[in-house]
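S.K.: The structure is given below, and queries will be raised subsequently.
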Amino acid sequence: MRFHDTLFVGIATFFSLCAAITPPGLNLVNSTDLGLESLDPAIYAQILELGGQFGGVDKCQLACKILSILSPTKLTTPSSPSYIPVPYWSVQQAEVVPSCRFDVTIPQDISTTIKISQLTDCPFAVKSGGHASFAGASSIKNGILVNLQKLNTVQLNADRGTVSIGPGNTWYDVYQVLDPLGISVVGGRYGWACDNILNYEVVLAVGSIVNASTTSHPDLYQALRGGSGTNFGIVTRFDAFAFEQGLLWGGSRFYSLASNASLSDVFSQFIVDAPTDEDAHLYIGCGYVPSLGGFVTLSGPVWKTVTFKNNATLFKKIHEIFVEEANLIVDVPGIMPFMALQPLSLNIIVQMQKRGGNILGLETEEGPLSIMNLNWGWENEEDDEKVFTVLN
């Protein structure tokens, strides 16, 4: 399935920020910072020989071969019989084929990959969950794909106040471990995800591994909280604040488009009243259901786009425009247009100010707000232009 969201977001490959880029004409003999000279002499000799063979001609082939020598069980190439492509949420991501994939199991693997990337001038991309809609978000053509899926630890610490989470997890994986323990992480009454991280373990562009918190590398900690922190390193562990979680009641309710006006009024009032009932949360959405031949109001997967003031009249108009535009392409095979409105109530914004605040820039006097999310899916590449024309 092909997907599109309206905000260009994703994990950036920060290769361009690395300070020590080796020019064509690779000199592995002088690469003492990489620590290759401490390897087994036979392995070191192989790497030196590779440097002489490839020089700066085929930098990614060289990088992949070095990684295969250092960690043969972790490196696979698309031409290998054992190569199984990693799953992605969107076809656009999956269509991009790397030179090789390095399946890391410890943070030091990432450090090694970064140094090899610097040494050979071969770019890389980082993949954890792969939940993005555009090619290159966590995939790469002619480069190293650093796959974090095996960094999937979920460990509740002894004090039951923090949980260490590997970036290879999905939220489903995390909650599968925590639910039986009566523990949870994140949640609107406690603020956003970025406001509930005690510490980040990060591999920096120079290959070193540090911990970022309010007391250790606080500037990096601040940058990682809702900003462009992915340009400064690869997070290999999140230490998240945990809380006791009781029983939950939830679900989805579906309405016809005729309910647009009344639902918009109810939703707007809910945003205003949210601080008086922090146990409650909802969002509303509008999507086209091909089997029903029409639009319904429902809950579903969402993406990020634009934030605006809470206003019921605006909500109604947004729904009307969405239906009008989506009707232009209902004949596209597999089309699944979806739009959701998610509340950003005052109590959530208040929680965003704790631990020094994040760098998203939202203040309590700006709320309450709502976030509109657009998420469109379709089947065939030949329909890309038609769908993008409507979206734009």
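The values are calculated or read from the model by the stated rules, or taken from the named source; none is laboratory data. All values reported here derive from a predicted model rather than from experimental measurement. Here the Cβ positions follow ideal geometry from the backbone for every residue, glycine too, while neighbour counts run over all protein chains shown.
S.K.: Can you tell me which of 101, 160 is assigned to a loop (DSSP other than H, G, I, E, B) and at pLDDT 90 or above?
M.R.: After applying the criteria, what remains is 160.
Yes/no matrix, rows are residues, columns are (1) over 18 Å from the mean Cα position of the chain (by Cα); (2) β-branched (Val, Ile, Thr); (3) assigned to a strand (DSSP E or B):
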site: 97; (1), (2), (3): yes, yes, no
site: 108; (1), (2), (3): yes, no, no
site: 151; (1), (2), (3): no, no, no
site: 172; (1), (2), (3): no, no, no
site: 180; (1), (2), (3): yes, no, no
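S.K.: I've got another one for you. So the check is Cβ under 6 Å with 6+ separation or different chains; which pairs have a first residue in the range 318-346 that's within 25 Å of residue 279 (Cα to Cα) and assigned by the TED database to the domain that holds residue 308 and a second one that's surrounded by 18 or more Cβ atoms within 10 Å (Cβ to Cβ) and of a type in the set (Gly, Ala, Ser)?
M.R.: 340/285; 341/370; 343/370; 345/274; 346/367
S.K.: Can I ask one more? Of 190, 255, which residue is modelled with pLDDT under 90 and over 26 Å from the mean Cα position of the chain (by Cα)?
M.R.: 255
Matching residues to (1) assigned to a loop (DSSP other than H, G, I, E, B); (2) in contact with a helix residue (DSSP H, G or I) (Cβ under 6 Å, 6 or more places away or on another chain):
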| site | (1), (2) |
| --- | --- |
| 68 | no, no |
| 78 | yes, no |
| 86 | yes, no |
| 93 | no, no |
| 115 | no, yes |
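S.K.: If I filter the range 361-381 for residues that are loosely packed, with under 15 Cβ neighbours inside 10 Å, more than 19 Å from residue 89 (Cα to Cα) and among the polar types (S, T, N, Q), do I get at least one hit?
M.R.: Yes - at least one qualifying residue is present in the range 361-381.
S.K.: Regarding residue 68, is this residue within 29 Å of residue 209 (Cβ to Cβ), polar (S, T, N, Q) and in contact with a strand residue (DSSP E or B) (Cβ under 9 Å, 6 or more places away or on another chain)?
M.R.: When the stated conditions are applied, residue 68 passes them.
S.K.: Name the residues in the range 151-168 that are free of Cβ contacts under 8 Å to residues at least 40 places away in the same chain and either buried (at least 16 other Cβ atoms within 10 Å of the Cβ) or touching a Lys or Arg at 6+ places or on another chain (Cβ under 6 Å) (or both), would you?
M.R.: Across the range 151-168, the qualifying residues are 152, 154.
S.K.: Moving on to the next point. Give the range 66-96 a look and list any residue that's within 24 Å of residue 133 (Cβ to Cβ) and modelled with pLDDT of 90 or more, or say none.
M.R.: Residue satisfying the conditions is 78 alone.
S.K.: Given (1) surrounded by fewer than 23 Cβ atoms within 10 Å (Cβ to Cβ); (2) part of a helix (DSSP H, G or I); (3) not acidic (Asp, Glu), identify the lone condition not met by residue 134.
M.R.: Here residue 134 clears every test but (2).
S.K.: Please find, among 331, 273, the residue that is more than 19 Å from residue 367 (Cβ to Cβ) and at pLDDT 85 or above.
M.R.: Only one candidate qualifies: 331.
For (1) under 30 Å from residue 339 (Cα atoms); (2) among the polar types (S, T, N, Q), each residue gets a yes or a no:
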position: 196; (1), (2): yes, yes
position: 199; (1), (2): no, yes
position: 212; (1), (2): no, no
position: 239; (1), (2): no, no
position: 242; (1), (2): no, no
position: 246; (1), (2): no, no
position: 249; (1), (2): yes, no
position: 259; (1), (2): yes, yes
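S.K.: Follow-up. Being acidic (Asp, Glu) and assigned by the TED database to the domain that holds residue 58 is the filter here, so list the residues in the range 119-160 that pass it.
M.R.: The answer is 121, and nothing else.
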